Amino acid sequence: MLNPNSIRVPVAEEMKKFEGYFSNVMKSKVPLLGIITNYIYRRKGKQIRPLLVFLTSGLNGGITNSTYVAASMIELLHTATLIHDDVVDEAYERRGSFSINALWRSKIAVLVGDFLLSKGLLVAIENDEFELLKHMSKAVKEMSEGELMQIERSRKMDIDEDIYFDIIKKKTATLLASCAVNGAQAANASAENLAKMYNFGENLGIAFQIKDDIFDYEPKGIIGKPTGNDIKENKLTLPIIHALSKVNNSEQLRVKKLLRKSKQNSKAVEEIISFTVAQGGVEYAKQKMQFYASESKRILETYPNSDYKESLNMLIDYITTRKK
């Protein structure tokens, strides 16, 4: 599997500088906020989203001060949504550590998420980056709509493939699209290239989400068993949607009944996973993931060869082959 550090090579110095820039943006005079934001900062993930901003900025003309603003906005927004997601899902772990709501309870977690989102808005306004703010605001709206669509449809269990793609475009792909278009915007790219970068990021985001969906059905950890987390939450993702489309109505009803009791029944989870694999759902999802990854690469082919382009191609491969 690709090492994320090798993808960073063309922007390694800028990403190091970004660490200090982002840490400064997160600061607050409120002691409790200082403690919590420091906890968040020390447990940051792979920073794929700011990395995407820097690489697309480089690809479209060069890294500027606006690139740092764009990367900070996106990372603040992403962190805020993760905190809010943990509250909604009542999740007590994030990236192998306690979530904010686990340590400081949900009320504080929601307020911290609000603080980070407002900081993302302020960093754009204070730097007069209104085009960047426009792209990010669109992403916030789309992500909220996507989450609500998924909750509504999951309750009714009436998600088909078209609805699934509508949901993940809003819920996941719009943020990576915002990363790519804001990176290009920071480099003063043409309208044509801004459109290209949005499509590049959207396709990459769809591939990213399908890969996440596939994890539910693959062996994980020491015990070597699939997690089935989405199944337990009654989320109809691409593998099971495709599997259900291959069987008759009575079999669909049987599987949906299993889904409704899967949260408290590990045997039901195992049966659903076996059904999905047997009906070709996981293999179908892998093929779709590769299609969207290929679409991202096709867009990159319209750009001249560069280290940035090479790293973006490597990033696509990393996203589709990662183990977690």
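Structure above, values below:
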quantity	calculated
Hits in region 192-211 - residues which are among the acidic types (D, E) and surrounded by fewer than 18 Cβ atoms within 10 Å (Cβ to Cβ)	E192
Residue match in region 150-161 (condition: charged (D, E, K, R), out of contact with any strand residue (DSSP E or B) (no Cβ under 6 Å at 6 or more places or on another chain) and surrounded by 21 or more Cβ atoms within 10 Å (Cβ to Cβ))	no
Only listed residue being farther than 23 Å from E233 by Cα, within 19 Å of the chain's Cα centre (by Cα) and not charged (D, E, K, R), chosen from L82, L33, L52, L59	L52
Complete set of residues in region 242-265 that are surrounded by 16 or more Cβ atoms within 10 Å (Cβ to Cβ) and of a type outside the set (S, T, N, Q)	H242, A243, L244, V255, K256, L258, L259
Leading residue by the ranking (modelled with the highest pLDDT) among those in region 234-252 that are part of a loop (DSSP other than H, G, I, E, B), more than 20 Å from the chain's Cα centre (by Cα) and under 23 Å from K286 (Cβ atoms)	K246
Cβ-Cβ under 9 Å pairs, at least 6 apart or on other chains, region 165-178 side touching a residue at least 24 places away in the same chain (Cβ under 8 Å), far side outside any helix (DSSP H, G or I) and of a type in the set (V, I, T)	I168/T237
Per-region count, region 275-309, residues surrounded by 14 or more Cβ atoms within 10 Å (Cβ to Cβ), in contact (Cβ under 8 Å) with a residue 60 or more places away in the chain and charged (D, E, K, R)	4
Helices (runs of 4 or more DSSP H) wholly inside region 78-196 containing at least 3 residues that are more than 27 Å from I210 (Cα to Cα)	100-126, 130-156
Set Y68, Y39: member being modelled with pLDDT of 85 or more and either of a type in the set (S, T, N, Q) or in a helix (DSSP H, G or I) (or both)	Y68
Hey, S274 modelled with pLDDT under 95, hydroxyl-bearing (S, T, Y) and either closer than 18 Å to K169 by Cα or not in a loop (DSSP other than H, G, I, E, B) (or both) or not	yes
Residue within region 281-300 that is part of a loop (DSSP other than H, G, I, E, B), of a type in the set (G, A, S) and either more than 17 Å from the chain's Cα centre (by Cα) or at pLDDT 95 or above (or both) present	no
R254 without any contact (Cβ under 8 Å) to a residue 40 or more places away in the chain and not small (G, A, S)	yes
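The values are calculated or read from the model by the stated rules, or taken from the named source; none is laboratory data. Since this is a predicted model, take the numbers as computed values, not measurements. Virtual Cβ from ideal backbone geometry, glycine too; neighbours counted across all protein chains shown.
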